[in-house]
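Written below as structure tokens is the structure these notes are about.
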Number of protein chains: 2
Amino acid sequence: MTDTKPIRRIAIIGTGVIGASWTALFLAKGLQVVATDIAPNAESALRKFVETAWPALKRLGLSPGASQSNLKFTAAIAQAVSGVDLVQENGPERIDFKQKLYGQLDELLPPDVIIASSSSGLKMSDIQLGAPSHPERCVIAHPFNPPHLIPLVEIVGGAKTSKATARRAEEFYTSIGQRTVRVKKEMPGHVANRLQSALMREVYYLVAEDVVSAADVDTALSWGPGLRWGVMGGMMLNHLGGGAGGIEHFLQQFTGPMAAWWKTLGNPVLTPEVQKKLSDSVHAEAGSRTIAELEAERDEMLLGLIELRKHSEAGASHTVAAQ
Amino acid sequence: MTDTKPIRRIAIIGTGVIGASWTALFLAKGLQVVATDIAPNAESALRKFVETAWPALKRLGLSPGASQSNLKFTAAIAQAVSGVDLVQENGPERIDFKQKLYGQLDELLPPDVIIASSSSGLKMSDIQLGAPSHPERCVIAHPFNPPHLIPLVEIVGGAKTSKATARRAEEFYTSIGQRTVRVKKEMPGHVANRLQSALMREVYYLVAEDVVSAADVDTALSWGPGLRWGVMGGMMLNHLGGGAGGIEHFLQQFTGPMAAWWKTLGNPVLTPEVQKKLSDSVHAEAGSRTIAELEAERDEMLLGLIELRKHSEAGASHTVAAQ
């Protein structure tokens, strides 16, 4: 069965922010990576990214055989995809570009090679129209930036994606420690970006309307509900929010107030004036801290939180196993 | 100046879930607490809650003098508020009830005693109409449940709240380690509950529409954007999401896609059928794990995350101080 062919060698198409981060992740998981990009200096930028990301990946745990030297780079796409088991495509978000690329890949690759797209904005049903021979092996595998730290991968099939492809993709990303989600209907923004945009719409509204500063809305989020979402999803939190009565009790109790709040949520228009207001407020929040300093702070805390979560899960499965 | 009177003795009115959690927090911060509630068995339930919460509070760090024995209980409200410096009111969310209660408190208390309401659903401008003598000392200080773990406090004044009251309240909660936010306009749900309801609206929609299961939407949130919101607010994350160009670049790049996603966000109606669907999906997610087990898991991770965040902040201020 071609279905069970192990995935050991990955082609990365496009080595921008997302492609570079995927590259670092796959290398850390002990896989062989061949990357391709037509941008000048793409190779050196990519190798530098991987080197910079390596200490964090080391801290999260390298797999046996993991090495930066397992990275090959070529500007020639045919060479990049030769002999690979999976393609992670991170091209520009233009449907004409992607369809042309998928046509090329469809011709170059044996039918059992999965073509996984990192696209956040396009539908696989549209993209795979470009791959008429074997559209069934094309699937969205959308990461959350940066994929080498944030483990989420959203798996979304198009109209012609086979169940076997979606399942193999799910198994592959899970096998390297990512957390996969099966999105059962094609939706703009899949799931995570929709959740994020729903929240940020209200954040922008409250800052634009002078209800709170950027600093205060960030405190309200990250020291309030964000703390809980950092450890558990909203549905399960609702279940626990209902006490002994669980989610049924929670919904009985809060459906009324929530529906009332929904009616008053904002719908801001991000005009240049509003954008300036948002930016000014963020700059006041950042104060003298540089972007590099803030990034280092964010990534250090993210790493700590991911370690904490994985440790907790390991503890929980240990408990279950011991029973 | 009465303004600078230290706040050492707190009256807790209403010892349900929120009042009990406030009690535990104040005791852990070394304050004297007098609690009152008319429910039968309120005192024993409260003392049990505090005892159960104590190990977590100990782990987060008890203040000098902190002791469960600093808790007094009385069913008589006049006795409860006698000699206190601040009242934390957690009564039922009914405006007639609150106005009557504030009238009583207004008569019982000297004018320099702050009356802080935990109300999430009422406006202080309405509540303080019940306290005609000194409405200026009434303010919303809304916690995020459970306040003994989650440090957020939203400070919202009503039309008649004095600036001094809002500032003293802010200083007080900050002095015991809480993170305060100044909400500059009265809004239904203040800030944090609005953000939460904006996000959950889309969560419910995606589960109700069979786009994802509860388990998968929880994975998408808590292993995706939730991880980031657990360590930093959305505005600052946007700033860092723009690379060297900061938030200006981020907004330029993402305003288009975001506005497009906003148009497609859902607006579910939580009918009994939808509620059943949501509940069923959560029960499938919980599997054989009991609410008590899941709560223990959540609280353990929450404590770990809070420690991590506080440690990181201490490190950051250390760095700043060393410069």
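The values are calculated or read from the model by the stated rules, or taken from the named source; none is laboratory data. A quick note: this is a predicted structure, and the numbers were derived from the prediction, not measured. Counting neighbours? That spans all protein chains shown, and the Cβs are built from the backbone with ideal geometry, glycine included.
All conditions but one from (1) of a type in the set (A, V, I, L, M, F, W, C); (2) more than 21 Å from the chain's Cα centre (by Cα); (3) closer than 30 Å to A:LEU57 by Cα; (4) within 7 Å of chain B (Cβ to nearest Cβ) apply to A:TRP229; the one that does not is (2).
Does segment B:242-262 include one or more residues that are under 19 Å from A:THR264 (Cβ atoms) and modelled with pLDDT of 95 or more? Yes, that holds for at least one residue.
The rows are residues; the columns are (1) under 24 Å from B:LEU57 (Cβ atoms); (2) within 7 Å of chain A (Cβ to nearest Cβ); (3) assigned to a helix (DSSP H, G or I); (4) in contact (Cβ under 8 Å) with a residue 40 or more places away in the chain.
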| position | (1), (2), (3), (4) |
| --- | --- |
| B:LEU240 | no, yes, yes, no |
| B:GLY256 | no, no, yes, no |
| B:GLU273 | no, no, yes, no |
| B:VAL282 | no, yes, yes, yes |
| B:ALA292 | yes, no, yes, no |
| B:ASP299 | yes, no, yes, yes |
| B:GLU313 | yes, no, yes, no |
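What number goes with the only condition from (1) more than 8 Å from chain B (Cβ to nearest Cβ); (2) more than 20 Å from A:GLU285 (Cβ to Cβ); (3) surrounded by 23 or more Cβ atoms within 10 Å (Cβ to Cβ) that A:GLY189 does not pass? For A:GLY189, the failing item is (1).
Just to check your reading of the model, which residue among A:ALA164, A:ALA215, A:ALA198, A:ALA159 is surrounded by 24 or more Cβ atoms within 10 Å (Cβ to Cβ) and either over 13 Å from the mean Cα position of the chain (by Cα) or not β-branched (Val, Ile, Thr) (or both)?
Values: A:ALA164 fails: surrounded by 24 or more Cβ atoms within 10 Å (Cβ to Cβ); A:ALA215 fails: surrounded by 24 or more Cβ atoms within 10 Å (Cβ to Cβ); A:ALA159 fails: surrounded by 24 or more Cβ atoms within 10 Å (Cβ to Cβ).
The match here is A:ALA198.
For segment B:62-79, which residues satisfy the criterion of being among the small types (Gly, Ala, Ser) and assigned to a loop (DSSP other than H, G, I, E, B)?
To start, the set of residues in segment B:62-79 that are among the small types (Gly, Ala, Ser) comprises B:63, B:65-67, B:69, B:75-76, B:78.
B:SER63, B:GLY65, B:ALA66, B:SER67, B:ALA75, B:ALA76, listed by residue number.
Scan segment B:52-68 and give yes if some residue there is among the hydrophobic types (A, V, I, L, M, F, W, C) and in contact with a strand residue (DSSP E or B) (Cβ under 7 Å, 6 or more places away or on another chain), otherwise no. No, that holds for no residue.
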